[in-house]
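Take a look at the structure set out below.
What follows draws every value from the coordinates through simple rules; no lab data is involved. Since the structure is predicted, the reported quantities are computational estimates derived from the model, not experimental observations.
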Amino acid sequence: MRQPDVLQPALDVVVPFARGRTGRTVVGICGPPAAGKSTLSAALSDALNLHDGLSSVAVPMDGFHLSNTELERLGLSERKGAPETFDAAGFVHLLRRLRAGEDLVYAPAYSRVLHESIGGVIPISSDVRVIVVEGNYLLLEHGPWASVRGLIDLVLYLDAPDEVRQESLVRRQLAKGLDLPEARDWVYRSDERNAEVIAATRDRADLILSRPV
């Protein structure tokens, strides 16, 4: 995996922050769709594991997508990825368990092959020092999401140029089988609508990182 250009600035903040604390640190990576959150969180977690005493695991918020069957039942299939299409309360519950340092916690992940969440695939033992949580809605202030910010010690907001994100989002939809007009429609009707919601939370982050063009 190619390391993102923002990895070193993230490490420069996270390493001294975590080392200056006792016990577990929860770091959040927030930002709009296709900003590169998953890539950064995985790279950051891998890099932290190379530092003495800073064992790390990356945990994606996307593991809490509601199933496609449930989205269809709720009439939300065309808004998949919006705040209301996640089990936000379940995500908050996981964060509380992680902060409590339970002996072993299993987190879910999202499969971009199945386009569904898969439970119990990320094991997190109690000796892990840094949990890197990534997702779009870590800084929202309404509903169950409002509890998330208080459960994360340090939040990094990752931004990227709109054109870079949008091209990536179109490719993502093409890979799912949509044709080009359908892919563009989804991106500008759904993904970018979500991006506006996320951008409004930007000022609640502790640090803003920007990917170059």
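A few points about this structure:
- Rounded to the nearest 10 degrees, the angle from helix 88-100 to the longest Cα principal axis of the chain is 10 degrees.
- Interchain or long-range residues, amide H under 5 Å from Val155's placed H: Gly28, Asp206, Leu207
- Amide H contacts under 5 Å for Ala58: Val132, restricted to partners 5 or more places along the chain or on a different chain, H placed in the peptide plane at 1.01 Å from N.
- The chain, helix-only ellipticity at 222 nm - DSSP H runs n ≥ 4, -39,500 (n - 2.57), divided by all residues, nearest 500: -10500 deg cm²/dmol
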